[in-house]
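To start, I am sharing the structure in question, which I have written as structure tokens.
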Amino acid sequence: MNNIYKEITINGLWKQNTGVVQLLGLCPTLAVTTSAVNGISLGLATALVMAAANGSVSPVRKLVPSEIRVPVFILVIATLVTVIDMSINAFAHQLHKVLGIFIPLIVVNCIVLARVESFAAKNTSLPSILDGFMMGSGLMLVLGLLGAIRELVGKGTILSGLDLVFGSSATPFMWVSTDYHGLLLAVLPPGAFLGLASLIAIRNWIESRNTAKSKTIAPVLNPSLNH
Amino acid sequence: MNRSPYITDAPTVSTIMFKVLLALVPGIAAYVWIYGGGILVSLTLATLTALTAEAVLLKIRQRPVKPYLMDMSAVVTAWLLALALPPLAPWWLVIVGTFFAIVIAKQLYGGLGYNPFNPAMVGYAALLISFPLIMTKWPAPLLLAEHPLSFMDQLHFIFSHSLPGDIKVDAITSATPLDYLKTQLMLKHEVSSITQAPIFGAFGAKGGELVTGAYLLGGLYLLQQRIISWHLPTVFLASLATISLAFYAIEPNHFANPLFHLMSGASMLCAFFIITDPVSGPTTPRGKVYFAAGVGVLTYLIRVYGGYPDGVAFAVLLMNMCVPLIDALTQPRVFGHK
Amino acid sequence: MSESKSESMVKHTSKTAITMIAFAFLGTALLAYVFEITRAPIEASEAEARLALFKQILPENSYDNNLLKQTIKIAPNELLGNHRSTEANIAILNHKMAAVILEAVAHDGYSGDIKLLIAIRADSSISGVRVLTHKETPGLGDYIDVAHSQWIRLFNDESLAKTAAEHWQVKKDGGKFDYMVGATITPRAVVKAVLKAEQYFAMNKESLSSNPENAASVQANLIQKPKDKS
């Protein structure tokens with residue numbers, strides 16, 4: 001039983017990572033990740049929506065006739081996203097201003113519907129909730145990492161904007177380099193593509209090393225295909 | 001290159017690249033004469049960075065280092081980029097740009113022969129977007145400068161960004177004519193009065209037009225040596241001239257004349273050295289015509305309506321993107337097939 | 001046979017419809033509930049954000065009224081560059097008008113409109129200026145934004161009395177305002193917009209400051225067109 005949960009976790013965070021393996025939901029990935037705080041915030045919002053969506057669809061999956069399952073799923077997702085949108089607006093207003101349109105856009109992020117349709121509609125509640133959350137967390141990791149790289153290279157800052165989420169008490173955790181020109185390219189749209197490409201490359205590299213290690217005895221037939 | 005009869009040996013890559021470098025020499029000489037020896041420092045820095053980056057990347061990619069290094073293509077990229085940068089670019093700017101050109105635009109795509117984008121232009125565009133303030137500030141030509149800098153002063157400036165005495169950086173730099181023209185036009189001045197400013201020469205930028213002329217000379221040498229085919233430069237210059245003439249004819253007070261566009265910015269460098277890159281350009285003769293015409297029109301439109309002063313780099317990159325399509329559409333029909 | 005088939009179809013259809021309605025109802029109820037509990041915090045956060053912005057250009061101790069409530073409608077006006085009517089906030093201290101916060105738009109930036117928030121004190125001096133939105137080139141013209149440079153603070157304490165209108169220009173054009181080489185169009189536009197806002201204030205000072213306690217009634221007196229320049 002424990003194995004299932006472990007597998008779900010590894011699947012979401014690494015094997016089928018939304019951001020760098022499935023490449024789903026690239027719109028927010030590319031647009032929002034100008035800083036780590038932005039990336040993590042949107043990732044967290046997505047993870048919460050996904051966990052809640054999976055959690056609410058799974059128990060009622062047998063009640064919903066298959067003809068209307070997609071409208072019903074979308075209805076559930078839209079409701080949850082709007083709830084999260086209003087909550088962020090109320091309790092982290094500055095952050096809401098920064099993330100702006102991308103919070104409501106979680107509704108159309110295909111990964112949310114994809115997990116509801118392919119996992120929650122076929123599994124029991126607990127694994128479904130975990131699957132939604134882990135898939136979302138995988139995305140959150142990528143968004144956070146991409147945001148961190150882009151703000152460090154582009155502006156020479158670490159965790160800038162943390163005060164938007166936690167108030168001015170978070171300022172000591174922020175770091176701003178003073179004598180740095182800033183490679184503006186990194187925070188502009190091309191930086192998102194270059195950064196994401198680097199992350200994908202790094203993941204593939206680690207993966208290919210791991211498979212090479214585990215298959216040292218088995219002859220590799222066509223090594224060039226691994227690229 | 002489609003040359004027949006195939007009797008003589010086709011020139012090797014390194015011969016071609018060597019001749020391209022040779023063709024750049026008159027331009028560099030004029031450059032040194034007009035702007036001072038600082039450019040030599042940039043060229044050296046760019047060359048060293050390019051060769052180092054190329055060697056390291058080849059090593060990582062487990063390709064033979066020496067033969068690829070000796071083909072000189074990295075040096076051509078480095079020189080073109082260095083020549084496109086402002087003459088007194090700080091050292092780190094040259095290094096970052098060259099790194100971008102060689103590592104990201106060339107080696108990550110698979111090295112020479114596989115890069116879809118012109119590496120030098122990728123490096124240039126990355127720098128322009130990242131550091132627009134430095135990239136759009138050009139020092140006045142020596143003959144116009146209030147404080148002409150000696151070579152040692154320039155060297156010092158490149159590495160420490162400080163000037164002797166109390167000269168301010170702003171005192172030795174100004175906008176390029178293309179930039180100046182654009183900003184003045186926005187203030188509703190007329191072209192004829194704008195071009196009275198001292199930075200304008202007979203055709204393009206005072207001093208700068210000589211460098212441009214020297215590039216033309218080098219280009220003609222490449223044509224004579226059959227390193228490049230006539231299609232690309234001719235069509236590019238013709239399309240740039242035609243579109244600027246059209247606009248000029250409609251409203252001469254609001255648009256500069258064709259000659260100004262041909263002799264300003266990177267037009268000549270682009271015509272003979274940049275769009276003639278065989279890797280990132282199209283392969284069919286008809287495709288070359290479309291490609292060059294596209295670059296000419298885009299260059300003009302970006303110059304006149306875009307957010308940055310010169311449009312050559314973006315125009316080339318945009319047309320690079322169209323190359324697979326152009327090639328596919330202009331494939332000559334094999335005899336006997338429909 | 002066919003009867004029972006259509007019967008089961010009706011049954012199935014109604015089941016589907018009812019399920020859909022039930023989910024829609026549940027969703028709506030949940031949203032209504034969350035809307036109710038977040039409405040007050042959202043309004044409070046919005047007001048707080050607005051006040052925080054005002055605080056940047058107008059010290060809190062320079063007024064004693066509720067800035068957000070004390071507004072006056074400004075019709076589209078050439079000097080302020082607004083194509084739609086906007087609201088100006090009036091700061092009041094001891095029952096007298098202390099300052100006005102105006103929104104102005106510069107249409108002649110390098111790319112797109114530049115929207116400014118300008119606080120002008122009763123004595124016509126500027127308390128502060130901030131850029132609300134702009135589309136200037138990143139790294140080049142965006143130094144007008146306080147997040148990138150302190151340039152915008154040059155306007156603090158400026159006034160038409162201190163600097164004659166013809167000196168409200170960037171240094172390149174012979175004025176007194178600094179700029180960054182390579183980007184003169186943007187600051188030029190901002191300087192011009194602030195100057196015009198000053199002129200607007202000078203023209204409408206009477207009507208803006210009279211009767212501040214019920215400011216809404218004075219809007220009819222506002223001069224909408226600049227006087228002929230002599």
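The values are calculated or read from the model by the stated rules, or taken from the named source; none is laboratory data. Just so it is clear, the structure is predicted and the values come from calculations on it, not from any experiment. With ideal geometry, Cβ positions are generated from the backbone for all residues, glycine too; neighbour counts draw on all protein chains shown. Please note that ligands, DNA and RNA were not included when accessible areas were found on the heavy atoms of the full protein model with its side chains. Shrake-Rupley method; radii C 1.70, N 1.55, O 1.52, S 1.80 Å.
If each Cα of the range A:9-211 is one equal point scatterer, what is log10 of I(q)/I(0) from the Debye formula at q = 0.10, 0.15, 0.16, 0.18 Å⁻¹?
Relative scattering, expressed as log10 I(q)/I(0), comes to -0.44, -0.92, -1.02, -1.20.
Longest span of chain C, sites excluded, free of trypsin sites (Lys or Arg not before Pro) in DSSP loop with at most 11 other C-beta atoms within 10 Å? Intermediate values should be presented prior to the final figure.
Numbers: sites that count: C:LYS69, C:ARG84, C:LYS227, C:LYS229.
Of all site-free stretches, the longest is C:85-226.
Say each of C:ASN156 and C:LEU31 gets a label point 7 Å from the Cα, pointing the same way as Cα to Cβ; how far apart are those two points in nm?
4.6 nm
State the dimensionless ratio Rg/Rh of the range C:1-57 (Rg: radius of gyration of Cα atoms; Rh: Kirkwood radius).
Here Rg/Rh amounts to 1.56.
Once the Cα atoms of chain B are picked out, what are the Rg and Dmax in Å?
Every Cα atom of chain B included, Rg and Dmax give 20.1, 76 Å.
Based on DSSP, what percent of beta bridges with both residues in chain C are antiparallel, to the nearest 5? List each step's numbers first, then the result.
Working: 25 of 26 bridges.
For chain C, the DSSP antiparallel bridge percentage is about 95.
For A:LYS6 and A:ALA201 in the same chain, what is the full-extension length gain: residue separation times 0.36 nm, less their Cα-Cα distance, in nm? Display every interim value, and only then the final one.
On the way: separation 195, 0.36 × 195 = 70.20 nm, distance 2.52 nm.
Result: 67.7 nm gained on full extension.
Extent of the range B:11-137 along each principal axis, from alpha carbon coordinates, in Å, largest to smallest?
Here the spans come out as 41, 32, 21 Å, largest first.
Which of the residue pairs C:LYS69/C:LYS196; A:LYS97/A:LYS155; B:LYS137/C:LYS172; B:LYS137/C:LYS135; A:LYS62/A:LYS122 have a Cα-Cα distance greater than 18 Å in the structure shown?
Numbers: C:LYS69/C:LYS196 26 Å; A:LYS97/A:LYS155 20 Å; B:LYS137/C:LYS172 15 Å; B:LYS137/C:LYS135 21 Å; A:LYS62/A:LYS122 9 Å.
Too far apart for the 18 Å limit: C:LYS69/C:LYS196; A:LYS97/A:LYS155; B:LYS137/C:LYS135.
Between B:ARG226 and C:GLU60, how many nm apart are label points set 7 Å from Cα along the C-beta direction?
Reported label-point gap for B:ARG226 and C:GLU60 is 8.2 nm.
Continuing with the same structure: What does the helix-only formula give at 222 nm for chain A: each DSSP H stretch with n ≥ 4 adding -39500 (n - 2.57), the total divided by the residues, and the result rounded to the nearest 500 deg cm²/dmol? Don't skip to the answer; put the middle values down first.
Values: 9 runs with 136 residues, N = 227.
Value at 222 nm, helices only, nearest 500: -19500 deg cm²/dmol.
Could you work out, residue by residue across B:91-97, how many beta carbons of other chains sit within 10 Å of that residue's beta carbon, and then give the average as an integer? Could the numbers behind the result be given before it?
Details: counts 0, 1, 1, 0, 0, 3, 0.
Mean partner shielding for this stretch: 1.
log₁₀ I(q)/I(0) of the range A:39-112 at q = 0.14 Å⁻¹, via Debye over equal Cα point scatterers, no solvent, to two decimals?
At q = 0.14 Å⁻¹ the computed log10 ratios are -0.44.
Helix by helix, which DSSP H runs in chain B go 18 Å or more along their axis at the Cα atoms and have an average Kyte-Doolittle hydropathy of -0.5 or more? Could the numbers behind the result be given before it?
On the way: long enough: B:13-35 (32 Å, 1.78); B:38-60 (33 Å, 1.73); B:208-224 (24 Å, 0.99); B:231-250 (28 Å, 1.60); B:285-305 (30 Å, 0.71); B:312-329 (24 Å, 2.12).
In chain B, the long hydrophobic H runs are B:13-35, B:38-60, B:208-224, B:231-250, B:285-305, B:312-329.
Please grab the % of Cα pairs in chain C that end up more than 26 Å from each other.
Working: 12871 of 26335 pairs.
When all Cα pairs of chain C are counted, 49 percent exceed 26 Å.
Can you give the mean number of other chain Cβ atoms that lie within 10 Å of the Cβ atoms in peptide A:77-87?
Values: counts 1, 2, 9, 3, 0, 5, 7, 1, 2, 8, 5.
Whole-number average of other-chain Cβ neighbours for A:77-87 is 4.
C:ALA164 to A:LYS15: FRET efficiency via 1/(1 + (r/R0)^6), r the Cβ-Cβ distance, R0 51 Å, to the nearest 0.05? Before the final figure, lay out the partial values.
Numbers: r = 71 Å, r/R0 = 1.38.
Plugging the Cβ-Cβ distance into 1/(1 + (r/R0)^6) gives 0.10.
Continuing with this model, one more query. Which is farthest toward the positive dipole end of the range A:9-211 among A:GLY100, A:TYR180, A:VAL83, measuring Cα position about the Cα centre, with Cβ charges +1 (Lys, Arg) and -1 (Asp, Glu)?
So the residue we want is A:VAL83.
Any chance you could give the angle, 0 to 90 degrees and rounded to 10, that helix C:2-57 forms with the longest Cα principal axis of chain C?
Helix C:2-57 sits at roughly 20 degrees to that axis.
Rounded to the nearest 100 Å², what's the accessible area chains A and C bury against each other, both chains counted, probe 1.4 Å? Display every interim value, and only then the final one.
On the way: alone 12570 and 13780 Å², together 24540 Å².
The summed interface area works out to 1800 Å².
Here's another thing I want to ask about it. Starting from one equal scatterer on each C-alpha and no solvent at all, send me the Debye-based log10 I(q)/I(0) for the range B:176-338 at q = 0.10, 0.13, 0.20 Å⁻¹, two decimals.
Log10 of I(q)/I(0), two decimals: -0.39, -0.62, -1.25.
Given H placed 1.01 Å from N in the peptide plane, which residues other than close sequence neighbours of C:ALA98 have an amide H under 5 Å from its amide H?
Placed amide hydrogens put C:ALA91, C:ILE92, C:LEU93 under 5 Å from C:ALA98.
Now for a separate question. Give, to the nearest whole percent, the P(r) tail of the range A:85-145 beyond 15 angstrom, counting all Cα pairs. Please list the in-between numbers first.
Working: 1116 of 1830 pairs.
When all Cα pairs of the range A:85-145 are counted, 61 percent exceed 15 Å.
To continue, here is another question. When the helix-only estimate is applied to chain B (DSSP H runs of n ≥ 4, each -39,500 (n - 2.57), divided by the residue count), what is the mean residue ellipticity at 222 nm, nearest 500 deg cm²/dmol?
Working: 16 runs with 199 residues, N = 338.
Rounded to the nearest 500, the figure is -18500 deg cm²/dmol.
Another one. How many nm is it between the label spots at A:GLN94 and A:LYS62, if each spot is 7 Å from the Cα in line with the beta carbon?
It is 5.0 nm.
Something else about it: Which of the aspartates and glutamates could a cross-linker span from B:LYS182 if the Cα-Cα distance has to be under 20 Å and same-chain partners fewer than 8 positions apart are dropped?
Result set, ordered by chain and number: B:ASP170, B:GLU190, B:GLU209, B:GLU251, B:ASP310, C:ASP108, C:ASP113, C:GLU136, C:ASP142, C:ASP173.
Give the angle, between 0 and 90 degrees and rounded to the nearest 10, that separates the Cα long axis of helix C:185-209 from the longest principal axis of the Cα atoms of chain C.
So the helix axis and the longest Cα principal axis differ by about 90 degrees.
Considering Cα pairs under 8 angstrom that are at least six residues apart, work out the relative contact order of chain B and quote it in whole percent. Present the calculation step by step, with values, prior to reporting the outcome.
Working: 485 pairs, mean separation 62.6, N = 338.
Once divided by the residue count of chain B, the mean separation gives 19 percent.
Further question: Contact order normalised by length for the range B:37-174, with contacts defined as Cα pairs under 8 Å and 6 or more residues apart; what percent is it? Could you put the intermediate results ahead of the total?
Details: 168 pairs, mean separation 36.8, N = 138.
It comes to 27 percent, rounded to a whole number.
Related question: How high is the FRET efficiency between C:ARG50 and C:VAL146 when r is their beta carbon distance and R₀ equals 25 Å, given to the nearest 0.05? If you can, show how the numbers build up before the last one.
On the way: r = 16 Å, r/R0 = 0.66.
That pair, C:ARG50 with C:VAL146, gives E of 0.90.
How big is the C/B interface in buried accessible area, both sides summed, 1.4 Å probe, to the nearest 100 Å²? It would help to have the intermediate numbers written out before the result.
On the way: alone 13780 and 16330 Å², together 29010 Å².
Approximately 1100 Å², summed over both chains.
Of the accessible area of the range C:59-221, with the probe set at 1.4 angstrom, what percent is carbon plus sulfur?
Roughly 49 percent of what the probe reaches on the range C:59-221 is carbon or sulfur.
Using a 1.4 Å probe on the protein heavy atoms, what percent of the accessible area of the range B:176-338 belongs to carbon and sulfur?
Working: 5050 of 7450 Å².
Carbon with sulfur: 68 percent of the solvent-accessible area.
Then there's this: Before we go on, tell me the buried accessible area for the A/B pair, both chains summed, 1.4 Å probe, in Å² to the nearest 100. Present the calculation step by step, with values, prior to reporting the outcome.
On the way: alone 12570 and 16330 Å², together 28240 Å².
Summed over both sides, the interface buries about 700 Å².
Counting partner chain Cβ atoms within 10 Å of every residue's Cβ in C:27-34, what's the average?
Working: counts 9, 2, 1, 5, 6, 0, 1, 8.
Mean inter-chain Cβ contacts per residue within 10 Å come to 4.
Highest first, please rank the peptides B:25-31, A:43-49, A:66-72 by the mean number of other Cβ atoms sitting within 10 Å of their residues.
On the way: B:25-31: 19.6, A:43-49: 23.6, A:66-72: 14.7.
Packing proxy ranking, top to bottom: A:43-49, B:25-31, A:66-72.
What are the ³J(HN,Hα) values, in whole Hz, obtained from phi via the Karplus relation 6.51 cos²θ - 1.76 cosθ + 1.60 with θ = phi - 60°, for each residue of the range B:251-268 in sequence order, with x given for Gly and Pro?
9, x, 7, 10, 10, 6, 6, x, 4, 4, 5, 5, 9, 10, x, 9, 3, 5
Given R₀ = 45 Å, what would the calculated FRET efficiency be for B:ALA197 paired with B:ALA55, taking r from the Cβ atoms and rounding to 0.05?
Working: r = 46 Å, r/R0 = 1.02.
Efficiency at R0 = 45 Å is approximately 0.45.
Helix-only estimate, please: 222 nm mean residue ellipticity of chain C, summing -39500 (n - 2.57) across DSSP H runs of length 4 or more and dividing by its residues, to the nearest 500.
Taking each H run of at least 4 residues, the total per residue is -13000 deg cm²/dmol.
Could you name the lysines whose alpha carbon sits less than 28 Å from that of B:LYS19, not counting residues in the same chain fewer than 8 places away?
B:LYS59, B:LYS66, B:LYS106, B:LYS288
Rg and Dmax in Å for the protein assembly as shown, alpha carbons only: what are they?
Reported Rg and Dmax, both Å: 31.7, 105.
From the phi of every residue in the range A:57-64, what ³J(HN,Hα) in whole Hz does the Karplus formula 6.51 cos²θ - 1.76 cosθ + 1.60 yield, where θ is phi - 60° and glycine or proline is x?
Using θ = phi - 60°, the values come out as 7, 3, x, 9, 4, 7, 7, 8 Hz.
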